[in-house]
Amino acid sequence: MTMTKKANEIKASEINESTPWQEMTIGGEIYEGGTSALVNTGEWRTMIPIFHEEKCNHCMLCVPFCPDSSIPVENGKRKDFDLMHCKGCGICFKVCAHKAISYEKVGA
Amino acid sequence: MAYSLKQQVEKPERFVGGHRLCAGCGAAITVRGVMRALKPEDKAVVVNATGCLEVSSFLYPYTAWEDSYIHSAFENAGATAGGVEAAYRVLKKKGKVNETFKFIAFGGDGGTYDIGFQSLSGAMERGHDIVYVCYDNEAYMNTGVQRSSSTPRFADATTTPAGSIIPGKPQNKKDLTAIMAAHGIPYVAQTTFLGNFKDFHEKAEKAIYTEGPTFLNVMSPCPRGWRYETEDIAEICKLAVDTCVWPLFEVVDGVWKLNYEPRKKLPVEEYLKKQGRFRHMFNPGSEWMIEEVQKHVDKKWEALLNKCK
């Protein structure tokens, strides 16, 4: 007999398509937050924003407009894009008043 | 304390990437903006009506939420949020919970204006200490752009297709924000995404930290259903407020307050022409449709100005 884990010990990163039901949590529950960060939605992109740090004055206007929480901020500075999650919608490119973001075809 | 976007975006993210909402989705921007208004030390229980947000932000075992999250059904987000809040009050009284929790329900316009309306109305009337946020994208986007009672007149939806028989949706949009204000609850507001998010943030903060039931209606454009390029969302929102199609106002303890008056009120076609769902209104012979929309918007705007006097 295999040792079964308590539900709150099962991590999202351990569950996949071949996990037997005995090793899943009951009722579709999950006991940790923000596990979607494990999912690569960056591969959806057909367009990509490029960050030009030298032109950025860190006004942060782009940050709240990002639907994919893909513009990290640290110590008053906006950092380069989180390209694992950015879907390339281009909203940031349009709201940037300093031309610090360009918007290009993926692989162009 | 005065609003500072720089300080706000420094807070830890409570709605993380990797969710499966479409590129450029307005619902995600709404959620991030509301969750950002929580104090970092406060916890939240999020209740979500069925809809795009629900099917895309929790796909077992991947949740985009850092806070506790419940989905039950389309029609009962208000009741679920109210139930959790009532349980929390009892547990807190008994000393079994010490932390501060806030209760936030999210629903699309389908789950709010239509299907979840009775449970929302009930929860508001019972006076639960909850916030209900409607991310209003003006149709059932999740199932393929069917009209809802929030869809504006003349919009081309899959159940009200614009053609030779009907010119898009025959009816006007329901004014849900006014209906919620009529519940006599302490705080009701209407906002969208503008500039540095000051208006949005202050309303979300007031909604969360006002005791009792509060309601926030956020225009959250949908690039698929409204048919515009994903990158244009900021422009669409700005045009919605500058044409007075979506005025920004709040109702605090029954007192109506206008939060934004456009310097120059733009004609409605500036807003309509940006979106594919209204394209047929620009065909020759369709001028009357634009006139009808302008008349309706003007009437609503005058009525709002009178309420806000």
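Below, the figures for the structure above:
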{"item": "Most mobile listed residue (B:285, B:83, B:110) in chain B, GNM with C-alpha springs under 10 Å", "result": "B:285"}
{"item": "Least to most buried among B:289, B:219 (fewest other Cβ within 10 Å first)", "result": "B:289, B:219"}
{"item": "Whole-angstrom Cα spans of the protein assembly as shown along principal axes, big to small", "result": "76, 57, 48"}
{"item": "Protection proxy ranking, peptides B:84-93, B:19-28, B:192-201, average beta carbon neighbours within 10 Å, highest first", "result": "B:19-28, B:192-201, B:84-93"}
{"item": "Fraction of antiparallel bridges per DSSP, region B:11-307 only, in percent to nearest 5", "result": "35 percent"}
{"item": "Packing rank of B:298-308, A:31-41, where each peptide gets the mean count of other beta carbons within 10 Å, highest leading", "result": "A:31-41, B:298-308"}
{"item": "Global size of region B:11-307 as Cα Rg and Dmax, reported in angstrom", "result": "18.8, 69"}
{"item": "Listed residue pairs exceeding 25 Å between alpha carbons, taken from A:5/B:43; B:264/B:309; A:94/B:264; B:206/B:257", "result": "A:5/B:43"}
{"item": "Total formal charge among the other residues, if their Cβ is under 15 angstrom from that of residue B:219, Lys/Arg +1 and Asp/Glu -1", "result": "-2"}
{"item": "Neighbouring partner chain Cβ atoms per residue of B:51-63, average, 10 Å criterion", "result": "4"}
{"item": "Above-threshold pairs, the threshold being 19 Å between Cα atoms, out of A:55/A:79; A:77/B:39; B:102/B:307; B:198/B:238; B:203/B:273", "result": "A:77/B:39; B:102/B:307; B:203/B:273"}
{"item": "Listed peptides B:260-271, B:153-164, B:125-136 by packing density, highest first (mean Cβ within 10 Å)", "result": "B:125-136, B:153-164, B:260-271"}
{"item": "Residue exposure sequence - A:52, B:71 - by fewest surrounding Cβ within 10 Å", "result": "A:52, B:71"}
{"item": "Proximal lysines relative to residue A:6, as straight alpha-carbon distance under 17 Å, when same-chain residues fewer than 8 apart are discounted", "result": "none"}
{"item": "For B:47, B:9, B:255, A:106, order by how many other beta-carbon atoms lie within 10 Å, fewest first", "result": "B:255, A:106, B:9, B:47"}
{"item": "Theoretical FRET efficiency, 1/(1+(r/R0)^6), r = Cβ-Cβ of residue B:292 and residue B:258, R0 30 Å, to 0.05", "result": "0.75"}
{"item": "Cβ-derived FRET efficiency at R0 60 Å, residue B:303 paired with residue B:87, nearest 0.05", "result": "0.90"}
{"item": "Those aspartates and glutamates that a straight Cα-Cα span of less than 15 Å connects to residue B:174, excepting residues fewer than 8 apart in one chain", "result": "B:109, B:114, B:136, B:138"}
{"item": "Degrees, to the nearest 10: B:117-126 long Cα axis against longest axis of chain B", "result": "40 degrees"}
{"item": "Cα long-axis angle, helix B:287-307 against chain B (0 to 90 degrees, to the nearest 10)", "result": "40 degrees"}
{"item": "Within chain B, helix-based [θ] at 222 nm, where runs of 4 or more DSSP H residues each add -39,500 (n - 2.57), nearest 500", "result": "-10000 deg cm²/dmol"}
{"item": "Percent of beta bridges antiparallel (DSSP, the protein assembly as shown, rounded to nearest 5)", "result": "45 percent"}
{"item": "FRET E, pair residue A:57, residue A:106, Förster distance 22 Å, beta-carbon r, rounded to 0.05", "result": "0.20"}
{"item": "Additional length obtainable on full extension of the chain from residue A:16 to residue A:32, 0.36 nm per residue less Cα span", "result": "4.2 nm"}
{"item": "Peptide A:5-15 - average C-beta neighbours from other chains (10 Å radius)", "result": "1"}
{"item": "Positive-pole candidate from B:258, B:285, B:268, dipole of region B:251-309, charges at beta carbon", "result": "B:258"}
{"item": "Number of partner chain Cβ atoms within 10 Å, mean per residue of B:196-209", "result": "1"}
{"item": "Angle between chain B longest axis and helix B:233-242 axis [Cα atoms, degrees, rounded to 10]", "result": "70 degrees"}
{"item": "Linear extension gain, residue B:125 paired with residue B:273, 0.36 nm per residue minus alpha-carbon span", "result": "49.3 nm"}
{"item": "Share of Cα-Cα pairs in chain A lying beyond 24 Å, as whole percent", "result": "43 percent"}
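The numbers here are math on the coordinates, done by the rules we state, and not lab data. None of the values given here were measured: they were computed from a predicted structure. When we count neighbours, we look across all protein chains shown, and the Cβ atoms used for this are built from the backbone with ideal geometry, even at glycine.
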